[in-house]
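Q: Here's a structure for you.
The values are calculated or read from the model by the stated rules, or taken from the named source; none is laboratory data. Small disclaimer: the values here were computed from a predicted structure and weren't measured. Here the Cβ positions follow ideal geometry from the backbone for every residue, glycine too, while neighbour counts run over all protein chains shown. Ligands, DNA and RNA are stripped out before the accessible areas are found, and what is left, the full protein with its side chains, is counted by its heavy atoms. Shrake-Rupley method; radii C 1.70, N 1.55, O 1.52, S 1.80 Å.
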Amino acid sequence: MLYSSAADWHAAPRKSVLVFGMSGLGKTHMSNLLRASGSWFHYSIDYRIGTRYMGEYIADNAKLEAMKVPFLRDLLMSDSIYIGSNITFDNLSPVATYLGKPGDPAKSGLPFAEYERRQDQFRRAEIAALRDTAHFAKRAEDLYGYPNFICDTGGSICEWIDPEDDADPLMQELAQHCLMIWIKGDEAHTQELIRRFDRAPKPMAYQPAFLTRVWHDYLNEKNCTETEVDPDDFIRFTYAKALAHRQPRYRAMSRWGITVTASQVSALKTHDDFYALVASCL
């Protein structure tokens, strides 16, 4: 690990961490708390994906929809209006909207082949954004003078690495530059995430083999065709299975760093609280 002990952590003039785990367990809370202290640079993987690697896809998709409206088409063709996504740290909806949901086109569902294509675009984008971590850590210090750095990852980081491989190239690269921190939830957190998702299902990114298996399981269980799939119902069906699929992958990744609980993270009030929590784990 980047820091071998609590003393090593406290003595480090420049602290660098990467936080991972399911969305909704406190990664962004931790990142915002540290950023607010004034001495931490917050590198959001999802923000980087939406602005650097998928921004053109997102904007072009919006333009494609606008071109279906004669009034907007004329304005676009004459360069009279501009269409772009307004992605911020607090609003990453354009990425999720672009990923979409498969199923009935009458319910805004995508053909499954198109859904898979967009999933693959996201996979490549997330890997590229993760590989930018070292660059942004150096940039944060050289350009802005931030002594400390936190990489706030998306929930799907575990899908693109081999968590059982000690020589996984992406994990090795990330661990060279950041202390890896897993935010672990308990069963109560898991059930709350499922309830929250059920109220407002959002698109997610999945490992290709997992997605294919769950898609066929859904079609068989519901005895329906692709165009009969209710997009929100499929996303709900997939979410709980995704939690179970990802948990052992996160657990295997945790050996690269330290583990904190979602309850411990929610209790953090200041950056000093964060320093103490990391030290206690080391």
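Q: Of everything in the range 220-243, what is open to solvent by 60 Å² or more (accessible area, probe 1.4 Å) and either among the hydroxyl-bearing types (Ser, Thr, Tyr) or under 17 Å from the mean Cα position of the chain (by Cα) (or both)? Give them in sequence order.
A: First, the residues of the range 220-243 that are open to solvent by 60 Å² or more (accessible area, probe 1.4 Å): 220-223, 225-228, 236, 241.
Answer for the range 220-243, where residues must be open to solvent by 60 Å² or more (accessible area, probe 1.4 Å) and either among the hydroxyl-bearing types (Ser, Thr, Tyr) or under 17 Å from the mean Cα position of the chain (by Cα) (or both): Thr225, Thr227.
Q: Right, next: Quick one: which residue in Arg35, Arg52 is among the basic types (Lys, Arg), in contact with a strand residue (DSSP E or B) (Cβ under 9 Å, 6 or more places away or on another chain) and in a helix (DSSP H, G or I)?
A: Details: Arg52 fails: in contact with a strand residue (DSSP E or B) (Cβ under 9 Å, 6 or more places away or on another chain).
Of Arg35, Arg52, the one residue that is among the basic types (Lys, Arg), in contact with a strand residue (DSSP E or B) (Cβ under 9 Å, 6 or more places away or on another chain) and in a helix (DSSP H, G or I) is Arg35.
Q: Based on what the data block shows, is Met30 in a loop (DSSP other than H, G, I, E, B) and in contact with a helix residue (DSSP H, G or I) (Cβ under 7 Å, 6 or more places away or on another chain)?
A: Details: in a loop (DSSP other than H, G, I, E, B): no; in contact with a helix residue (DSSP H, G or I) (Cβ under 7 Å, 6 or more places away or on another chain): yes.
In short, no.
Q: What number goes with the only condition from (1) outside any loop (DSSP other than H, G, I, E, B); (2) under 20 Å from the mean Cα position of the chain (by Cα) that Ser85 does not pass?
A: For Ser85, the exception is condition (1).
Q: Scan the range 245-265 and give yes if some residue there is farther than 22 Å from Cys151 by Cα, of a type outside the set (D, E, K, R) and open to solvent by less than 70 Å² (accessible area, probe 1.4 Å), otherwise no. Spell out the reasoning first.
A: Looking only at the range 245-265, we keep the residues that are farther than 22 Å from Cys151 by Cα, and these are 245.
Those still in the list that are of a type outside the set (D, E, K, R) too: 245.
Right, trim to open to solvent by less than 70 Å² (accessible area, probe 1.4 Å) and you get 245.
Yes, some residue in the range 245-265 is farther than 22 Å from Cys151 by Cα, of a type outside the set (D, E, K, R) and open to solvent by less than 70 Å² (accessible area, probe 1.4 Å).
Q: Name the pairs whose Cβ atoms lie under 8 Å apart, with the first residue in the range 85-100 and more than 10 Å from Gly50 (Cβ to Cβ), the second in a loop (DSSP other than H, G, I, E, B) and open to solvent by 20 Å² or more (accessible area, probe 1.4 Å), and 6 or more positions between them or separate chains?
A: Between residues of the range 85-100 that are more than 10 Å from Gly50 (Cβ to Cβ) and residues that are in a loop (DSSP other than H, G, I, E, B) and open to solvent by 20 Å² or more (accessible area, probe 1.4 Å), the close pairs are Thr97/Pro203; Leu99/Pro203; Leu99/Met204; Gly100/Ser108; Gly100/Pro203.
Q: State all residues of the range 117-142 that are open to solvent by 30 Å² or more (accessible area, probe 1.4 Å) and acidic (Asp, Glu); if no residue qualifies, say none.
A: Asp120, Glu141, Asp142, listed by residue number.
Q: Could you tell me whether Pro201 is touching a Pro at 6+ places or on another chain (Cβ under 9 Å) and either buried (at least 17 other Cβ atoms within 10 Å of the Cβ) or more than 28 Å from Gln264 (Cα to Cα) (or both)?
A: On the way: touching a Pro at 6+ places or on another chain (Cβ under 9 Å): yes; either buried (at least 17 other Cβ atoms within 10 Å of the Cβ) or more than 28 Å from Gln264 (Cα to Cα) (or both): yes.
Spelling it out, Pro201 is indeed touching a Pro at 6+ places or on another chain (Cβ under 9 Å) and either buried (at least 17 other Cβ atoms within 10 Å of the Cβ) or more than 28 Å from Gln264 (Cα to Cα) (or both).
Q: Here's something else I'd like to know. Could you tell me how many of the residues in the range 204-219 are open to solvent by 30 Å² or more (accessible area, probe 1.4 Å) and within 18 Å of the chain's Cα centre (by Cα)?
A: Counting residues in the range 204-219 that are open to solvent by 30 Å² or more (accessible area, probe 1.4 Å) and within 18 Å of the chain's Cα centre (by Cα) gives 2.
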